[in-house]
Amino acid sequence: MVKGLANKILRVDLSDSRIWTEEQNENFYRRYLGGAGILAYYLLKELKPRADALSPGNVLVFAPGPVTGTAMPGASRLCVGAKSPLSGGIAKCEAGGFFGYELKRAGFDALVVQGKAAHPVYLWINNGEVEIKDATHLWGRNVLETQDVIESELGEKRLRTATIGPAGENLAAISCIMTDVRNAAARGGLGAVMGSKNLKCVAVKGKTMPQAADPEKYRDMARWMNTNYMNFGSAARFHDLGTGADMVGGNAIGNLPVRNWSGGQFDDVAKIDAAALRDSYRISMEACPGCQIRCKKVVELENELYKVDPRNGGPEYETLAGFGSFMGINDLAAICRANELCGLNSLDTISASGTIAFAMECFEKGMLTLEDTGGIDLRFGNVDAMLKVIELIARREGIGDVLADGSRKAAERIGRGAEELSMQVKGVEFGMHDPRLKQGLGLIYAVAANGADHMTGAHDTLFTQEGRGMEGVRSLGSLDPLPAGDLSTAKVDRAKNLHLSRNFGDSLVMCHFTPWTLRQQVDILRALTGWDYTDFEALRQGERVATLARVFNLREGLTAADDQLPKRFFSPAPEGALKGTAIDPEAMRRAKRTFYTLMGWDPVTGIPTQEKLEELGIAWAAAESVPE
Amino acid sequence: MRVKLEMYGPFQRFNKDGQLRAELDLEDNLTVRALLMNLGVDIDEPWNAALNGKLADPADKLSDGSLLIVFPPIEGG
Ligand code: SF4
């Protein structure tokens, strides 16, 4: 028994309604920890190679981490993943709110779902007791309605849920899973995986508080963060404004994405940032359990066209930029509504906005016509068109059906050269940060197993000058500030080590916005489990997770050729602060090679070497590592 | 020299009279870092600046008519 853990993994096969629990030994937990580690392990072990992502053979994993469920700030999250219908590789997301916290307290380190139910169902996990319940009456309902109905039929208040809306039911590859209505396990199409299993919702209630090996030390560390977080500039900013406080500056240095990256400057940026939101529709800020930073915006508004309900939360930076500058839209109310529509329907706001912006550019360039769009004038800046298309995607109607599987698939269907406008890696649309500015992040966008995800890499602009930003990388052996556009070996090494430390964080699972250092995270794990865990093991854990995810992708048929940024980033930005700036293709090619080498992967194919797998204690994965 | 200064988010309070946008009369050849220190910004906290539309280095020198925008580094979300 490992202290702090539930020491039990819940397994459910929906095909034959089988429910069982599994116990793993201490070495398993020390080797895979939780979250992203447990996800990668179960995907490789339990998914038949090349199984279709929307077939019963896909395995959907909800994995809190060792620290989840405790009162530690930042420790409430969980990792959710499966084989992605969007990329064909791994989908791995972290979601906030109370769902992960509650799942752990219900007595499970993870929930692993396989098979497909004969009719719509939901899972009811009540402090260790598990039931599969009929959800036929819930099919077709949005996320908020589903929550309300389940709460009332179970007679439970404050249920914690992971739910899909119509987009997930309709198997849109850009759909997501919503936790507690307003948080998302967003990327890679997990909503469609849940929908393909006829699983509408997982509802959880838990009461068992995990016990730390050294409760006093553990409490002290939690207290320390809750007393000191305001001394950290980043945390103080998240507390005041949440994400999106920096969009005006982002526009000034060329980070803000504009009109599907066909532009480079957005003059109305101050109308759509977090400060504008605070001064207009934001009514409060919310927290995840145990965290004083309270960075989650809640908005409320009503106009002649629509109402935005505060129960659906509020837009984060990615959404403000995605439905704002990325579509040439400056209407903050409409962005809040787009955020709500995506949430209710369980659409990933990043892939949805990326795909709609792509369609807008296609329309402007004549690759899509009024006939294709069913009469919708899908021009940049058209708010009504944006809101309409979100609903069409969720219902897979008309142009919505073309766009529901993301911009890569849509480009294949549209033809006419549209693939040049599809801004994604491995089919996964970009986070809203320009890789021509942040080239280390650009490298991670290219090589990360889960596609162009904005949380898997760290942002170069944090480490361009001396100061506290550098503290986070000095302990990783990176002593000198480096320019944001640099792709030297030193930069690749830094990007790789930050990628590894994020993968460790995603195994704990810790929120990346709480300003814990790697050392403190290790201390937290030591106090929780009683292990003599070290920083060395932490980075190795990050490496293990990234390597297992790589092995999974290779097995599923992805190759080094999929580690590729869109052509647009290799040609000069047309306007704004980055005007004339492009990524040097040769420098990026070299950086990728260096990254593979530093990871212990083959420098050309990116296949992890046998020695590396053995070193990481995952020699069993060798059989999976070479594509057929 | 006269410099236009915009300071966003947590930095606004350090600008002249706590304004978002201000114009400042400054001695010639001042660097970005020196200006921020003079204004009382804790320059060890992460910050980014754009000088005349490009990501600035702390050692960049300001000149007459410069536009400097200071803001927290962009991350995540
Ligand atoms: S920083 Fe924000 S997202 Fe992270 S745990 Fe705290 S409230 Fe949740």
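The values are calculated or read from the model by the stated rules, or taken from the named source; none is laboratory data. These numbers were taken from a predicted model, which means no experiment stands behind them. Heads up, the Cβs are rebuilt from the backbone with ideal geometry, glycines too, and the neighbour counts pull from every protein chain shown.
Some points to look at:
- Applying the condition of being within 11 Å of another protein chain (Cβ to nearest Cβ) and closer than 18 Å to residue A:385 by Cα to the range A:296-321 and asking which residue is nearest to the chain's Cα centre (by Cα) yields A:319.
- Any hit, the range A:372-390, residues being in contact with a Ser or Thr (Cβ under 7 Å, 6 or more places away or on another chain), outside the structural domain of residue A:148 (by TED's automatic domain parsing), over 22 Å from residue A:193 (Cα atoms) and assigned to a loop (DSSP other than H, G, I, E, B): no
- Of the candidates B:30, B:20, B:26, the single residue that is within 23 Å of residue A:274 (Cβ to Cβ) and either among the aliphatic types (A, V, I, L, M) or away from chain A (no Cβ under 12 Å) (or both) is B:20.
- Here the range A:440-465 is the region considered, the condition is being hydroxyl-bearing (Ser, Thr, Tyr) and either assigned to a loop (DSSP other than H, G, I, E, B) or within 11 Å of chain B (Cβ to nearest Cβ) (or both), and the residue that is nearest to residue A:539 (Cα to Cα) is A:456.
- For residue A:575, the conditions (1) more than 26 Å from residue A:80 (Cβ to Cβ); (2) away from chain B (no Cβ under 14 Å) are fulfilled apart from (2).
- Within the range A:97-117, the set of residues being assigned to a loop (DSSP other than H, G, I, E, B), away from the ligand (no atom under 15 Å from the Cβ) and of a type outside the set (Phe, Trp, Tyr) comprises A:106, A:107, A:109, A:115, A:116, A:117.
- Pairs, first assigned by TED's automatic domain parsing to the domain that holds residue A:351 in the range A:70-86, second within 16 Å of the ligand (Cβ to nearest atom) and small (Gly, Ala, Ser), C-beta under 7 Å, six or more apart: none
- When the residues of the range A:40-96 are filtered to those that are in a strand (DSSP E or B) and either within 14 Å of another protein chain (Cβ to nearest Cβ) or among the small types (Gly, Ala, Ser) (or both), the one that is farthest from the ligand (Cβ to nearest atom) is A:82.
- For residue A:164, the stated conditions hold: it is away from chain B (no Cβ under 14 Å), more than 15 Å from the ligand (Cβ to nearest atom) and β-branched (Val, Ile, Thr).
- The set of residues in the range B:6-36 being more than 20 Å from residue A:233 (Cα to Cα) and in contact (Cβ under 8 Å) with a residue 12 or more places away in the chain consists of B:21, B:22, B:23, B:24, B:25, B:26, B:27, B:28, B:29, B:30, B:31.
- When the residues of the range A:333-352 are filtered to those that are hydroxyl-bearing (Ser, Thr, Tyr) and in contact with a Cys (Cβ under 6 Å, 6 or more places away or on another chain), the one that is surrounded by the fewest Cβ atoms within 10 Å (Cβ to Cβ) is A:349.
- Residue A:489 vs. criteria within 16 Å of the ligand (Cβ to nearest atom) and of a type in the set (S, T, N, Q): no
- Residue in the range A:453-468 that is free of Cβ contacts under 8 Å to residues at least 40 places away in the same chain, touching a helix residue (DSSP H, G or I) at 6+ places or on another chain (Cβ under 8 Å) and among the hydrophobic types (A, V, I, L, M, F, W, C) present: yes
Here is a yes/no grid of residues against (1) among the aliphatic types (A, V, I, L, M); (2) outside the structural domain of residue A:107 (by TED's automatic domain parsing); (3) touching a residue at least 60 places away in the same chain (Cβ under 8 Å):
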{"site": "A:150", "(1), (2), (3)": "yes, no, no"}
{"site": "A:155", "(1), (2), (3)": "no, no, no"}
{"site": "A:176", "(1), (2), (3)": "no, no, yes"}
{"site": "A:184", "(1), (2), (3)": "yes, no, yes"}
{"site": "A:217", "(1), (2), (3)": "no, yes, yes"}
{"site": "A:231", "(1), (2), (3)": "no, yes, no"}
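- The lone criterion from (1) away from the ligand (no atom under 16 Å from the Cβ); (2) under 14 Å from residue A:501 (Cα atoms); (3) not charged (D, E, K, R) left unmet by residue A:566 is number (2).
- Residue within the range A:203-210 that is more than 9 Å from chain B (Cβ to nearest Cβ), among the aliphatic types (A, V, I, L, M), within 30 Å of residue A:117 (Cα to Cα) and out of contact with any His (no Cβ under 7 Å at 6 or more places or on another chain) present: yes
- Lone unmet requirement of (1) in a loop (DSSP other than H, G, I, E, B); (2) under 19 Å from the mean Cα position of the chain (by Cα) for residue A:162: (1)
- Pairing each residue of the range A:52-65 that is more than 18 Å from residue A:201 (Cβ to Cβ) with any residue that is at pLDDT 95 or above and acidic (Asp, Glu), provided the two are 6+ apart or on different chains, yields C-beta distances under 7 Å for A:59/A:46.
- Spans of helices (runs of 4 or more DSSP H) in the range A:227-332 with at least 3 residues surrounded by 19 or more Cβ atoms within 10 Å (Cβ to Cβ), at pLDDT below 95 and within 14 Å of the ligand (Cβ to nearest atom): A:233-241
- Criterion applied to A:468, A:494, A:474, A:544 was being away from the ligand (no atom under 16 Å from the Cβ), more than 14 Å from chain B (Cβ to nearest Cβ) and surrounded by fewer than 24 Cβ atoms within 10 Å (Cβ to Cβ), and the one residue passing it is A:494.
- On inspection, residue A:110 passes the criterion of being more than 30 Å from residue A:412 (Cβ to Cβ), of a type outside the set (Val, Ile, Thr) and more than 12 Å from the chain's Cα centre (by Cα).
- Members of the range B:37-77 that are facing chain A (nearest Cβ under 8 Å), out of contact with any Gly (no Cβ under 7 Å at 6 or more places or on another chain) and touching a residue at least 60 places away in the same chain (Cβ under 8 Å): B:70
- Exclusive hit being within 16 Å of the ligand (Cβ to nearest atom) and under 17 Å from residue A:534 (Cα atoms), set A:508, A:518, A:500: A:508
- Checking each residue in the range A:479-507 for being part of a loop (DSSP other than H, G, I, E, B) and either in contact with a Gly (Cβ under 9 Å, 6 or more places away or on another chain) or under 22 Å from residue A:570 (Cα atoms) (or both) picks out A:481, A:482, A:483, A:484, A:485, A:486, A:487, A:488.
- Residue A:412 being surrounded by fewer than 24 Cβ atoms within 10 Å (Cβ to Cβ), under 20 Å from residue A:562 (Cα atoms), out of contact with any His (no Cβ under 6 Å at 6 or more places or on another chain) and free of Cβ contacts under 8 Å to residues at least 60 places away in the same chain: yes
- Only a single item in (1) closer than 20 Å to residue A:299 by Cβ; (2) among the small types (Gly, Ala, Ser); (3) surrounded by 18 or more Cβ atoms within 10 Å (Cβ to Cβ) is not met by residue A:394, and it is number (1).
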